[in-house]
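One structure is given below, encoded as structure tokens.
The values are calculated or read from the model by the stated rules, or taken from the named source; none is laboratory data. None of the values given here were measured: they were computed from a predicted structure. With ideal geometry, Cβ positions are generated from the backbone for all residues, glycine too; neighbour counts draw on all protein chains shown. Side chains are part of the model used for accessible areas, which takes the heavy atoms of the whole protein and leaves out ligands, DNA and RNA. Shrake-Rupley method; radii C 1.70, N 1.55, O 1.52, S 1.80 Å.
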Amino acid sequence: LLGLALHAFNAVLVFRFLKGLTGKSMAGFFAAVLFAVHPMQVEAVSWAAALSTVLFSTFYLLSLLAYLQWRSPSKEQAGTSASGSPLWLGLSIAAFLAACLSKSAAVTLPLVLVAVDFYLDKNRLGKFWLSKAPYFAGALLFGLYTFVTREQEGHDIAVTSAAFTAMDRF
């Protein structure tokens with residue numbers, strides 16, 4: 001029941017994020033419906049052992065929404081070159097860290113944020129690079145922590161990694 005409730009909440013977050021990113025309600029709605037009913041979500045929603053996937057998705061999406069809010073200043077600030085309130089950026093970073101604590105797959109968020117910046121304004125990408133530093137630092141720390149803990153648990157990462165070519169990884 002918790003997995004289902006979180007998944008429904010995530011579908012709403014997908015809608016809000018896509019509507020905020022594109023400004024198109026119908027596109028956001030149909031993408032959120034596809035997200036909600038896609039069979040790929042069944043395992044994460046129905047198995048208690050896979051709750052970390054649904055939980056990490058919640059924090060990941062909340063981080064994206066807070067970042068988008070920070071990236072889109074209020075109407076009063078629209079004439080200035082400043083971004084939104086630092087509170088939104090702080091909330092985005094906090095949600096990102098919570099996502100990383102839920103599941104290590106959250107380390108991809110900094111790259112998604114770069115893609116969001118590129119989508120919103122290709123010409124001013126350089127302005128927002130410094131804001132990504134905490135995300136990349138957190139991703140690096142959690143990524144390294146994951147490798148260390150996996151090896152301590154007996155997973156041979158070198159053997160597992162050798163199974164994939166550079167093209168497979170790409």
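For the reader, a short list of remarks on this structure follows.
- Taking a point 7 Å from the Cα of A115 along the Cα-to-Cβ direction, none of the residues of the stretch 51-66 has its backbone N closer than 11 Å to it.
- Between the listed residues Y135, T149, L120, the Cα displaced farthest toward the positive end of the dipole of the stretch 112-170, a dipole computed from Cβ unit charges relative to the Cα centre, is found at L120.
- Extended-chain gain in nm, criterion 0.36 nm per residue less alpha-carbon gap, E151 and L4: 49.6 nm
- Computed FRET value (nearest 0.05) for T22 with V159, which takes r as the C-beta separation and R₀ as 30 Å: 0.10
- Angle between the chain longest axis and helix 2-22 axis [Cα atoms, degrees, rounded to 10]: 40
- Rounded tilt (10° steps) of 51-71 against the dominant C-alpha axis of the chain: 30
- Per residue of the chain, the DSSP helices (runs of n ≥ 4 H) give a summed -39500 (n - 2.57) that works out to -22500 deg cm²/dmol at 222 nm.
- Taken over the C-alpha atoms, the chain has Rg and Dmax values of 17.7, 56 angstrom.
- Whole-percent carbon and sulfur share, accessible surface of the chain, 1.4 Å: 70
- Each principal axis of the stretch 23-70 carries a Cα extent, and these read 35, 23, 9 Å when sorted largest first.
- Cα-based helix-to-principal-axis angle, 133-152 vs the chain, degrees rounded to 10: 10
- Taken per residue, the accessible surface of the chain reaches 63 Å², heavy atoms only and a 1.4 Å probe.
- Local electrostatic count, A163, Cβ distance below 14 Å [Lys/Arg +1, Asp/Glu -1]: -1
- For the chain, the Cβ-based charge dipole about the Cα centre amounts to some 660 debye (Lys, Arg positive; Asp, Glu negative; other atoms uncharged).
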